[in-house]
Amino acid sequence: MTIRYLKRGKPDAERAEDDAKVRATVEATLADIKARGDAAVRALSKKFDGYAPPSFRLSQSEVEAAMSRVSDQDMTDIRFAQAQIRAFAEAQRASMTDIEIETVPGVILGHKNIPVQSVGCYVPGGKFPMVASAHMSVLTASVAGVPRIIASAPPVDGAPHPAIVAAMHMGGAHEIYVLGGIQAVGAMALGTETIHPVDMLVGPGNAFVAEAKRQLFGRVGIDLFAGPTETMVIADDTVDAEMCATDLLGQAEHGYNSPAVLVTNSQKLAEDTLTEIDRLLEILPTAETAAVSWRDYGEVILCDGYDAMLAVANEIASEHVQVMTDRDDWFLEKMHSYGALFLGPRTNVANGDKVIGTNHTLPTRKAGRYTGGLWVGKFLKTHSYQKVLTDEAAAEIGAYGSRLCMLEGFVGHAEQCNLRVRRYGGQNVGYGMAARTGKAAE
């Protein structure tokens, strides 16, 4: 099994240096927000977005005013997208049931799925106002039953973006803020004089937002490390270079550091795709961004067969994996590390990003090795409970529990069990204070 790089991106050492700079910036910014609250948030918003209104939270009348500026066609399209996303999220929620079983007579075990009580949803703006991210986070949290959903997005051209506000409101946000970047996620997680902190942060973002979520994890929950965007195309000679190049650049335009990787077993397709990318970059309106991303983070990997293609794909664990081969279902069966799969040439990542119904907030930076993407279950906490209903069950479980506690040396634990044996065991009163004997009673 051999692989060969026809094109490589930035060396790992340079990428690590970039990451270190981001970490330092985020750490200092979060410390400032924690120390100065609203004053720090206002200064950061003014510095980076030129936006410092009396209140960053939109009133109901401001929400309605923004929505009135959305065209009828855009509103129709937003409603359609939200209907698809809601339907899939509701089906996912229905698959998660509370359970209760009787494991031995008189012993009842169960679990309940309880929504997180407050969630902050970040919706990226920057170069592109990502309306769809509002559906993916706000609407999905709403389907999960989260009682307090706050949403934040940066201003666009010095004002709230009307379509983002509409998507947030229609998705079910209870509070809408016009804040971007580190200051948005920092304020939602840490809290300020005017923003009550949340229990969980969700949503994609640039490298600074992703790093801020990483540093805030533990103080609050997060969905996953999502950003910057990554894409991989796995292709053989059943498709052409135009389709491969289009799917690579279609995601590379997200930002200056969006990895785009072609994995193929066809040298002709690899070489033709490199040529086609050069052609498309001459005419693509977002080429200024996509060209830098492709130059620094684009890769073309030539493999000697499908097994090698599979191994490379699982190792890279890309966020989006577009599979266009003569054995797409084989990859579906064998792939184990990725964000989401897009199978066949009729499918594409852009549909998944915007409208088809699956969630577009997906794991990046190899996080697909241990987590899937955002879904309704991320907003639910599964909590267990236990009930012992009969004296006989209390005595039986207590006897086992006492002996197992003493096996580990936990005398106080054992006495919790012994008390139930004595109290509910009838004639079985041999379980005395474990501390007196140094062992559980026989």
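The values are calculated or read from the model by the stated rules, or taken from the named source; none is laboratory data. Bear in mind the structure is a predicted one, so any value in this text is a computation, not a measurement. Positions of Cβ are generated from backbone atoms using ideal geometry, with glycine treated the same way; all protein chains shown enter the neighbour counts. Side chains included, ligands, DNA and RNA excluded: accessible areas come from the protein's heavy atoms. Shrake-Rupley method; radii C 1.70, N 1.55, O 1.52, S 1.80 Å.
Please count how many residues of the stretch 202-217 are touching a strand residue (DSSP E or B) at 6+ places or on another chain (Cβ under 9 Å), open to solvent by 20 Å² or more (accessible area, probe 1.4 Å) and of a type in the set (A, V, I, L, M, F, W, C).
Total meeting the criteria: 1.
Please go through the stretch 379-391 and give me each residue that is outside any loop (DSSP other than H, G, I, E, B) and out of contact with any helix residue (DSSP H, G or I) (no Cβ under 8 Å at 6 or more places or on another chain), ordered by number.
Within the stretch 379-391, LYS381, THR382, HIS383, SER384, TYR385, GLN386, LYS387 qualify.
Within the set of pairs 6 or more residues apart or between chains, which connect a residue that is in contact (Cβ under 8 Å) with a residue 40 or more places away in the chain inside the stretch 37-62 to a residue that is exposed (fewer than 15 other Cβ atoms within 10 Å of the Cβ) and part of a loop (DSSP other than H, G, I, E, B) with Cβ atoms less than 7 Å apart?
GLY37/GLU193; ASP38/GLU193; ASP38/THR194; SER45/ALA52; GLY50/GLY158; TYR51/GLY158
Based on this model, can you work out whether VAL107 counts as in contact with a Cys (Cβ under 8 Å, 6 or more places away or on another chain) and open to solvent by less than 30 Å² (accessible area, probe 1.4 Å)? Give the derivation first.
Values: in contact with a Cys (Cβ under 8 Å, 6 or more places away or on another chain): no; open to solvent by less than 30 Å² (accessible area, probe 1.4 Å): yes.
It is false that VAL107 is in contact with a Cys (Cβ under 8 Å, 6 or more places away or on another chain) and open to solvent by less than 30 Å² (accessible area, probe 1.4 Å).
Quickly run through the stretch 170-184 and pick out the residues that are open to solvent by 30 Å² or more (accessible area, probe 1.4 Å) and either touching a strand residue (DSSP E or B) at 6+ places or on another chain (Cβ under 6 Å) or in a loop (DSSP other than H, G, I, E, B) (or both).
Hit for the stretch 170-184 is HIS174, nothing else.
What residue, of LYS7, LYS34, is among the charged types (D, E, K, R), touching a residue at least 24 places away in the same chain (Cβ under 8 Å) and closer than 30 Å to ASP307 by Cβ?
LYS7
Take the conditions part of a helix (DSSP H, G or I), out of contact with any Asp or Glu (no Cβ under 6 Å at 6 or more places or on another chain), among the aliphatic types (A, V, I, L, M) and under 15 Å from LYS354 (Cβ atoms) and apply them to ALA134. Does it pass?
Judged against the criteria, ALA134 is a match.
Considering each of ALA151, ALA187, ALA163, ALA167 in turn, give the residue that is among the hydrophobic types (A, V, I, L, M, F, W, C), surrounded by 19 or more Cβ atoms within 10 Å (Cβ to Cβ) and in a strand (DSSP E or B).
Numbers: ALA187 fails: in a strand (DSSP E or B); ALA163 fails: in a strand (DSSP E or B); ALA167 fails: in a strand (DSSP E or B).
Going through ALA151, ALA187, ALA163, ALA167 in turn, the sole match is ALA151.
Identify, by number, the condition in (1) buried (at least 20 other Cβ atoms within 10 Å of the Cβ); (2) of a type outside the set (Ser, Thr, Tyr); (3) under 22 Å from the mean Cα position of the chain (by Cα); (4) closer than 20 Å to TYR338 by Cβ that VAL220 doesn't meet.
For VAL220, the failing item is (4).
Across the stretch 291-309, what is the total count of residues that are without any contact (Cβ under 8 Å) to a residue 60 or more places away in the chain and under 24 Å from the mean Cα position of the chain (by Cα)?
Residues flagged as without any contact (Cβ under 8 Å) to a residue 60 or more places away in the chain and under 24 Å from the mean Cα position of the chain (by Cα) within the stretch 291-309 amount to 1.
Of the residues THR29, THR2, which single one is open to solvent by 60 Å² or more (accessible area, probe 1.4 Å) and not hydrophobic (A, V, I, L, M, F, W, C)?
After applying the criteria, what remains is THR2.
Which ones in the stretch 156-181 are aliphatic (A, V, I, L, M) and under 17 Å from the mean Cα position of the chain (by Cα)?
Within the stretch 156-181, none qualify.
I'd like to check something: does the stretch 146-165 contain any residue that is under 15 Å from LYS354 (Cα atoms) and out of contact with any Phe, Trp or Tyr (no Cβ under 9 Å at 6 or more places or on another chain)?
Checked against the condition, which is being under 15 Å from LYS354 (Cα atoms) and out of contact with any Phe, Trp or Tyr (no Cβ under 9 Å at 6 or more places or on another chain), the stretch 146-165 yields at least one hit.
Among the residues of the stretch 302-324, which ones are crowded, with 16+ Cβ neighbours inside 10 Å and touching a Ser or Thr at 6+ places or on another chain (Cβ under 6 Å)?
ASN314, ALA317, GLU319, HIS320
Could you give me the residue pairs with C-beta distances under 6 Å whose first residue belongs to the stretch 168-193 and is farther than 12 Å from GLY120 by Cβ and aromatic (Phe, Trp, Tyr), whose second residue is at pLDDT 95 or above and surrounded by 24 or more Cβ atoms within 10 Å (Cβ to Cβ) wherever it lies, and which are 6+ apart or on separate chains?
none
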